[in-house]
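Since the structure comes first, as structure tokens, the remarks are kept for the end.
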Amino acid sequence: MRLTGSCHCGAVRFTVESQSPYPYQACYCSICRKTAGGGGFAINLGADYRTLEVEGRENVTAFHAKLYDPEDPENYEESPAWRHFCGRCGSALWLYDPRWPELVHPFASAIDTPLPKPPERYHIMLDFKAPWVEVPEGEGERHFERYPDSSLEEWHRRHGLYDA
């Protein structure tokens with residue numbers, strides 16, 4: 001599926017091909033919550049990095065988030081992943097991690113293409129959610145204190161949604 005995305009102010013526009021475009025996984029970690037906003041979580045999609053085309057790249061800024069040890073908040077390491085956002089309006093755009101060079105993870109909030117509704121949703125990193133956030137319960141809502149039990153690709157394959 002070809003995805004188009006942009007920032008709020010329009011200074012950055014991008015396209016990317018995705019075989020895993022269902023926005024099913026809401027991450028409540030402090031990084032996603034504080035940098036991407038919206039409901040106290042962020043949703044990343046999976047896409048093919050080689051297909052990423054960017055207009056307005058001069059307006060893209062990136063940083064490495066700090067990964068804190070929940071048992072010792074003074075102790076942290078720098079994430080190897082690059083979080084990209086618009087340097088003008090601050091919109092979260094995509095994440096790239098060199099440990100998986102073939103992948104890029106656009107934020108669903110930056111995608112302009114209508115995305116398909118997922119058959120179930122994962123709520124991950126709940127150990128780090130803000131106390132004011134209410135996490136949806138019920139059928140089709142799965143909860144994980146930390147990482148989920150499957151990758152983006154595995155989840156899409158299990159639901160018959162991966163078109164390789």
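The values are calculated or read from the model by the stated rules, or taken from the named source; none is laboratory data. Just so we're clear, the structure is a prediction, and the values are computed from it rather than from any experiment. Backbone-built Cβ (ideal geometry, glycine too); neighbour counts: all protein chains shown. We work out accessible area using only protein heavy atoms, side chains counted, and drop any ligands, DNA or RNA first. Shrake-Rupley method; radii C 1.70, N 1.55, O 1.52, S 1.80 Å.
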Go through segment 17-82 and name the GluC sites (Glu not before Pro) that are in a DSSP coil and have 13 or fewer other Cβ atoms within 10 Å of their Cβ.
Glu71
Tally Lys/Arg at +1 and Asp/Glu at -1 over every other residue whose Cβ is under 12 Å from the Cβ of Ile111; what's the total?
+1
Once amide H atoms are built 1.01 Å from N in the peptide plane, which residues 5 or more positions from Glu141, or in another chain, come under 5 Å H to H?
Arg121
Trypsin sites (Lys or Arg not before Pro) in segment 11-100 lying in a DSSP loop, each with at most 12 other Cβ atoms within 10 Å of its Cβ, come to Arg99
Roll a 1.4 Å probe over the protein chains and send me the accessible area per residue for the chain in Å².
57 Å²
Along the dipole axis of the chain (charges at Cβ: +1 for Lys and Arg, -1 for Asp and Glu; origin at the Cα centre), the most positive-end residue among Ser6, Ala42, Pro119 is Ser6
Treating the Cα atoms of segment 24-111 as identical point scatterers in vacuum, please give the log10 of the normalised Debye intensity I(q)/I(0) at q = 0.19, 0.21, 0.22, 0.26 Å⁻¹, two decimals.
-0.92, -1.11, -1.20, -1.48
What percent does the relative contact order of the chain come to when contacts are Cα pairs within less than 8 Å and at least six residues apart?
27 percent
Roughly how far apart, in whole Å, are the Cα centres of segment 33-51 and segment 118-144?
15 Å
Compute the normalised compactness of the chain: alpha-carbon radius of gyration over 2.2 N^0.38 Å, N being the residue count.
1.02
Ignoring ligands and nucleic acids, Arg121 exposes an accessible area, probe 1.4 Å, in Å² to the nearest 10, of 90 Å²
Using unit Cβ charges (K, R positive; D, E negative) and no other charged atoms, how large, in debye to the nearest 20, is the dipole of segment 40-164 about its Cα centre?
400 debye
Hey, any idea what % of the chain's accessible area is carbon plus sulfur with a 1.4 Å probe?
48 percent
In whole angstrom, and with the biggest value first, how far do the Cα coordinates of segment 1-70 range along each principal axis?
37, 27, 22
Would you compute, from DSSP H runs of 4+ residues alone, the mean residue ellipticity of the chain at 222 nm, taking -39500 (n - 2.57) per run and dividing by the full residue count, rounded to the nearest 500?
-2000 deg cm²/dmol
